[in-house]
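Report on one structure; see the data block that follows.
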Amino acid sequence: MKKYVASIAGVAVLSCAGFLGLGQGGQVLQKLGDGNTVAHAASNQSDSKEMEKTQAPAKPKGGLSTHVLDEAKGKPAPNVKVKVYRVNEDGKMTYLHTAKTDHEGRVGLLLSPKEMTKGTYEIHFFVGDYFEKQGTKESDEFLDEIPLRFKVTDSKQHYHVPIVAAPGGYSTYHGS
């Protein structure tokens, strides 16, 4: 097998062509900690000089996104209505935006970076409508609307607030 050299962050990496699936030339993809991917050219050169790089566009800082996964099916949940509110200091909620999840169960930008400020927010996931359309038995339909309250402490940080839901329960976490 031919050996290929690719430079990743200035360090030479040797790999076999069969492992990378490369012929005479190709790419090595590197996933960076900030979520960006860098494509590095790979060739059958044996020196360790850095290869040409292509940088993915940077993600905007700030904002709010979400993702709904259907735990019962083990798949994304498309067409789930999602509403977001800002919770005022007196506990009253101000409606901000409504969206529906796409075919991958995602809402990429529920709130823009300009709309996100420090404070408390609540996302409402209308999973009851989704599960009813999936044909779940009425006796299995326990959840209807899931309100999820969270705090934004750094408005320059991007907040990803996903849920994993089934007709009888859900879980959430602070995603990336």
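Residue by residue through segment 103-114, what is 3J(HN,Hα) from phi via Karplus (6.51 cos²θ - 1.76 cosθ + 1.60, θ = phi - 60°)? Round to whole Hz and write x for glycine and proline.
5, 9, x, 10, 10, x, 9, 6, 9, 6, x, 5
What relative contact order, as a whole-number percentage, does segment 88-176 give when Cα pairs under 8 Å and 6 or more residues apart are counted?
RCO, segment 88-176: 25 percent.
Report the net charge of residues surrounding Thr101, where surrounding means a beta-carbon distance below 11 angstrom and charges are Lys +1, Arg +1, Asp -1, Glu -1.
Numbers: positive: Lys81, Lys100, Arg106; negative: Asp70, Asp102, Glu104.
Once positives and negatives cancel, what remains is 0.
Count charges around Ile123 for me, please; just the other residues with Cβ under 12 Å from its Cβ, Lys/Arg as +1, Asp/Glu as -1.
Net of charged neighbours comes to +2.
Find out how many positive minus negative residues lie around Leu148, taking Lys and Arg as positive, Asp and Glu as negative, among other residues whose Cβ is under 12 Å from that of Leu148.
Net charge in that neighbourhood comes out at +1.
Could you please put Glu122, Glu145 in sequence from largest to smallest accessible area, using a 1.4 Å probe?
Ranked list, largest accessible area first: Glu145, Glu122.
The values are calculated or read from the model by the stated rules, or taken from the named source; none is laboratory data. From a predicted model like this one, the values you see are computed outputs, not experimental measurements. Neighbour counts are summed over all protein chains in view; Cβ atoms, including those assigned to glycine, are modelled from backbone coordinates with ideal geometry. For the accessible areas, the whole protein counts, side chains as well, though only heavy atoms, and no ligand, DNA or RNA atoms are used. Shrake-Rupley method; radii C 1.70, N 1.55, O 1.52, S 1.80 Å.
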